[in-house]
């Protein structure tokens, strides 16, 4: 009992954390409960039940399956489901009509054959990458509806009636879901994507901000551990690709909201995301040098301290400025100046190295430091590219 | 018409390519068609229809929704669906019984309230990362079944009967799906994961194999472009994380198959995958130096050519050997020797640099080359870590 009690406490604290991290999760759960209860009331309400019969449960099913966290995902699924039900219903009724012209013996064979061919073909279509990204769910529902109509159609001749009922209940369920999803505390995928891209840039900026101080710290200093772990925020950027891609797909379904038009250039975010990741790979490298056990002696590092710190802090300002510009959707005003500053620092660093400031030092000890310098120069170049793409 | 014709041709060639890339896709489509047709026949067959009535369509729905590409995903969904239907049915019947003790007026209110509370709670549970990874679909079906039973239960008193029918049809559909999925040309997620991890290591190996030749090529040489693009195979490794994670989740559902036990150490693959990606970040770096416009003069590079080529080719042998060892599930025999060789080369390179072979050269021109050398040294270290983890 002691053990299960601690388990319960653990789960409860985890749940609390989930809710605190993003209170929209709690609201979402309540919204889902509300939508399902509303549709269930519809179903329990006598006149409607008489009208729709068993088909009315499709309204409940639609709500449960279609309601997703973000508006984009919900709309995408809802539209997919609606369109697929409509077109598959149409096709199913057609197939049923055609089959009814044949003899009674061949009818089930014909229907079975059409079910087989259609299911196999549509399943294959689901492998097309473009279809998978946006219409996967619709294709699934297409197979489902077609099969149900073909098979149940063989049973009774009210095919048209059933199809009509099913379509209208799906529409009722879908409409309830979409309305609740959009009008009660909506969660916009586009908005989240927008913030994610900006936050990722900020994370890189924070790393660069802290990097100079950390790298040129005298090794005896305390509180180094704490700082180091606070620099690791950028790690999540490395694997952000799949999240970004799915959110872009959701965002494309969303109507105009807030400061976003319907055809907001969402693909631009993917481009910025890719560049951000490329920059993050460099930073992963810098972080490795930071944590490497073999450090060049401080007197070597110190010679380039000023310029390197300048480069990294100016890049950091530029990245943060760009992140802010994305967030607020304004033109970045001073980012170019910061980039220019860091480029000047990079150039100075190059000529400083050329004048041979380490002439007498051990070449092997110089290399890590020199590498850090050259990665920083790369980071500056990356920052410039990101800035260009933000301007677009 | 001309335009639409070319569109059709384009889609057809794309479809052909999809089929050729992985013929299992075609087989999978046919399997889905077969399963659906079989279940439809069940449904059309009179005695059964009399027995199950409208509930029989749940068999078709189950097949369409549960049938996934790999055995693991199908089993996972099938078990989720079965268990969720069972437990939600149990709970739904219970809720319905409890509500029936109350007055007729309060009954729908009680049922509506329980639907709301349960839907909201379970929706929140879906946010737990661990639940999301393995039981997301089951939780969805749980809400669905509970709501349908609560709501339809209010209508007629045959709740138990309906629940029983629905559960048995879901079982029929699920069993058909699982049997066809496993016994006709099965696609094992574990097997695919196994190959993916090995292939990723091979891709890194191929890059390192070609790297030496490419980097120390005289700039005038032709056919450089071709080679460069053939080196880019490693790029897909950078973003392999989400694929690996979902396949591990699928693989955990799979029973013993081929050379894999039921409790195969799948998490180990994630570990190797993470190390592989870390190595890939380094290689992304190397590739940048390869494609960078500013190249150190050849006479500088040439001095470390022998050792660098040695390091990269020995690491490449080691990686390929490790990939083969994973693929064939044998102990890598010579990988350690290769790693030792590359470590010796790394050490020699270090002392070569220490003796000051570039004493008179321009320091700025040395840096890129030196960086390449130091990244290679890192790669050797990464390779060693991967080897350790493969041994486990």
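The values are calculated or read from the model by the stated rules, or taken from the named source; none is laboratory data. Being a predicted model, the structure only gives us computed values, none of them experimental. For neighbour counting, all protein chains shown are included, and Cβ atoms are generated from backbone atoms with ideal geometry for every residue, glycine included.
Which of (1) away from every other protein chain (no Cβ under 11 Å); (2) at pLDDT below 80; (3) buried (at least 19 other Cβ atoms within 10 Å of the Cβ) is the odd one out, the single condition residue A:191 does not satisfy?
For residue A:191, the exception is condition (2).
Residues to consider are B:307, B:349; find the one that is within 11 Å of chain A (Cβ to nearest Cβ), at pLDDT 70 or above and surrounded by 18 or more Cβ atoms within 10 Å (Cβ to Cβ).
Residue meeting the stated conditions: B:349.
Of all residues in the range B:34-70 being surrounded by fewer than 24 Cβ atoms within 10 Å (Cβ to Cβ) and modelled with pLDDT of 85 or more, which is nearest to residue A:121 (Cα to Cα)?
Result: B:34.
Do we have residue B:145 as in a helix (DSSP H, G or I) and within 22 Å of residue A:33 (Cα to Cα) here?
So residue B:145 fits the description; yes.
Does the range B:329-346 hold any residues that are crowded, with 19+ Cβ neighbours inside 10 Å and in a helix (DSSP H, G or I), and which are they?
Answer for the range B:329-346, where residues must be crowded, with 19+ Cβ neighbours inside 10 Å and in a helix (DSSP H, G or I): B:335, B:338, B:339, B:341, B:342, B:345, B:346.
Do you know which residues across the range B:223-265 are at pLDDT 80 or above, more than 14 Å from chain A (Cβ to nearest Cβ) and closer than 17 Å to residue B:326 by Cβ?
B:248, B:251
Those residues that are farther than 24 Å from residue A:25 by Cβ and away from chain B (no Cβ under 14 Å), I need them from the range A:59-79; list them, please.
A:79
Here are some conditions: (1) at pLDDT below 75; (2) within 25 Å of residue A:288 (Cα to Cα); (3) surrounded by fewer than 17 Cβ atoms within 10 Å (Cβ to Cβ). Residue B:360 meets all but one. Which one does it not meet?
Only one criterion in (1) at pLDDT below 75; (2) within 25 Å of residue A:288 (Cα to Cα); (3) surrounded by fewer than 17 Cβ atoms within 10 Å (Cβ to Cβ) is unmet by residue B:360, namely (2).
Filter the range B:163-194 down to the residues that are touching a helix residue (DSSP H, G or I) at 6+ places or on another chain (Cβ under 8 Å), under 16 Å from residue B:243 (Cα atoms) and part of a helix (DSSP H, G or I) and list them by number.
Across the range B:163-194, the qualifying residues are B:189, B:190, B:192, B:193, B:194.
For the range A:83-138, what are the residues that are part of a loop (DSSP other than H, G, I, E, B) and within 14 Å of chain B (Cβ to nearest Cβ)?
Within the range A:83-138, A:104, A:105, A:126, A:127, A:128 qualify.
Among the residues of the range A:20-45, write down those that are under 19 Å from residue B:130 (Cβ atoms), more than 8 Å from chain B (Cβ to nearest Cβ) and assigned to a helix (DSSP H, G or I).
Residues satisfying the conditions are A:20, A:21.
Are any of the residues in the range B:195-218 modelled with pLDDT under 85, assigned to a helix (DSSP H, G or I) and over 34 Å from the mean Cα position of the chain (by Cα)?
No, because not a single residue in the range B:195-218 is modelled with pLDDT under 85, assigned to a helix (DSSP H, G or I) and over 34 Å from the mean Cα position of the chain (by Cα).
Residue B:326: at pLDDT 75 or above, closer than 24 Å to residue A:241 by Cβ and buried (at least 16 other Cβ atoms within 10 Å of the Cβ), yes or no?
It is false that residue B:326 is at pLDDT 75 or above, closer than 24 Å to residue A:241 by Cβ and buried (at least 16 other Cβ atoms within 10 Å of the Cβ).
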